[in-house]
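The structure under discussion is supplied below as structure tokens; questions concerning it will follow.
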Amino acid sequence: MAFRIAVLISGTGSLLQALLDARDAGALDADIAVVGSDNAAAQGLARAAAAGVPSFVHPYVKGSDRAAWDAELTDLVAARDVDLVVLAGFMKLVGPVFLARFGGRTINTHPALLPSFPGMHGPRDALAHGVKVTGTTVFEVDAGVDSGRILAQEPVRVLADDTVESLHERIKVAERVLLVRTVNELAAKGNP
Ligand code: GRF
């Protein structure tokens, strides 16, 4: 049976696009069963629609019950019977109910070489620190922030005239390749 993945996004969705492009090129060894977003305006939702992939929107309303939001997200993903959840620019932390169900089979990407520069500003923090090499990390999601087991990494050189934007853009190029490769490696191993 095909290895099924859910992809969760919040914004542009260029990582999602890389997965869709790989699928269309026959280079993804997985079915993209569903795309979910916490943001109804995410550009990635249009990418899913254009590719014929079903999607759902599950916003978190500030101040509302976070545990209930987490449980509903878990149900929405579980309904699609997926083997792996890929957080691809998903800007919310998943909670305990989600991790009880999908822990060990949820991965995320980060635009820095973890454990360096975790958090929301990997490229900015790497640039501010003056490192000459940074990169991207695909890791297993746990209850911490960017703290899970590292699955794969790819270095990216920092150039003398880099801005946060130019550096992040080059990291994202590497990130797309690494994410597709990691999904294929996990698919090859089968359901963990
Ligand atoms: C990526 O750099 C990812 O590591 C970070 O957010 C970016 C997502 O970009 N968490 P996009 O929405 O896939 O274009």
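Would you kindly give the portion of the calculated P(r) for region 1-84 that falls above 23 Å, as a percent of all Cα pairs?
Working: 734 of 3486 pairs.
More than 23 Å apart: 21 percent of the Cα pairs in region 1-84.
Using alpha carbons only, how many angstrom separate the centre of region 78-154 from the centre of region 26-42?
17 Å
Distance in nm between label sites at Ser116 and Val57, each 7 Å beyond Cα in the beta-carbon direction?
Rounded to a tenth, the inter-label distance reads 3.9 nm.
Whole number please: convex hull volume per residue, Cα atoms of region 25-132, in Å³.
Enclosed volume per residue, from the Cα hull, is 150 Å³.
Before rounding to the nearest 500, sum -39500 (n - 2.57) across all DSSP H runs of length at least 4 in the chain and divide by the residue total; then give [θ] at 222 nm in deg cm²/dmol. Write out the running numbers ahead of the final one.
Numbers: 6 runs with 73 residues, N = 192.
Helix-only estimate at 222 nm: -12000 deg cm²/dmol.
Additional query: Normalised by the empirical 2.2 N^0.38 Å for globular proteins, what value does the Cα Rg of region 126-192 take? Display every interim value, and only then the final one.
Numbers: Rg = 13.8 Å, N = 67, 2.2 N^0.38 = 10.9 Å.
For region 126-192, the normalised Cα radius of gyration comes out at 1.27.
For the chain, take the longest principal axis of its alpha carbons; what is the angle in degrees between that and the long axis of helix 66-78, to the nearest 10 within 0 to 90?
The angle comes out at about 70 degrees.
Of the beta bridges DSSP finds with both residues in the chain, what % are antiparallel, to the nearest 5?
Values: 11 of 27 bridges.
Around 40 percent of the beta bridges assigned by DSSP in the chain are antiparallel ones.
On C-alpha positions alone, give me the angle between the axis of helix 164-189 and the longest principal axis of the chain, in degrees, nearest 10.
Computed tilt is about 50 degrees.
Okay, moving on. For region 55-192, build the charge dipole from Cβ charges (+1 Lys, Arg; -1 Asp, Glu) around the Cα centre, then report which of Val61, Pro96, Pro155 sits farthest towards its positive end.
Pro155
Please state, rounded to one decimal and in Å, the Kirkwood hydrodynamic radius that region 85-174 gives when every pair of distinct Cα atoms enters the mean of 1/r. List each step's numbers first, then the result.
On the way: mean 1/r = 0.0747 Å⁻¹.
Answer for region 85-174: a Kirkwood hydrodynamic radius of 13.4 Å.
Based only on Cα atoms, what mean projected area does the convex hull of region 4-189 have, in nm²? List each step's numbers first, then the result.
Working: hull surface 41.1 nm².
If I average the Cα hull's projected area over directions, I get 10.3 nm².
Amide H to amide H under 5 Å from Gly89: which residues, 5+ apart in sequence or cross-chain, H placed 1.01 Å off N in plane?
Amide H to amide H, under 5 Å and 5 or more residues apart or across chains, Gly89 pairs with Thr109.
Also, quick follow-up: Specify which residue in the list Asn39, Ser10, Thr137 is farthest towards the positive end of the charge dipole of the chain, using unit charges on the beta carbon of Lys, Arg (+1) and Asp, Glu (-1), about the Cα centre.
Thr137
Give the aspartates and glutamates whose C-alpha is closer than 16 Å to that of Lys189, dropping any in the same chain fewer than 8 places away, or say none.
Hits, sequence-local ones excluded: Asp29, Asp31, Asp83, Glu140.
Neighbouring Cβ atoms within 10 Å as the yardstick, rank Ile150, Ile5 fewest first. Present the calculation step by step, with values, prior to reporting the outcome.
Values: Ile150 15, Ile5 25.
Least crowded to most crowded, the residues run Ile150, Ile5.
Magnitude of the Cβ-charge dipole of the chain, K/R +1 and D/E -1, about the Cα centre, nearest 20 debye?
Using only the charged Cβ atoms, the result is roughly 100 debye.
Values in this text are rule-based calculations from the coordinates and carry no lab data. Because the structure is predicted, anything quoted here is derived from the model rather than measured. So basically every Cβ, Gly included, is an ideal-geometry build from the backbone, and we count neighbours across all protein chains shown.
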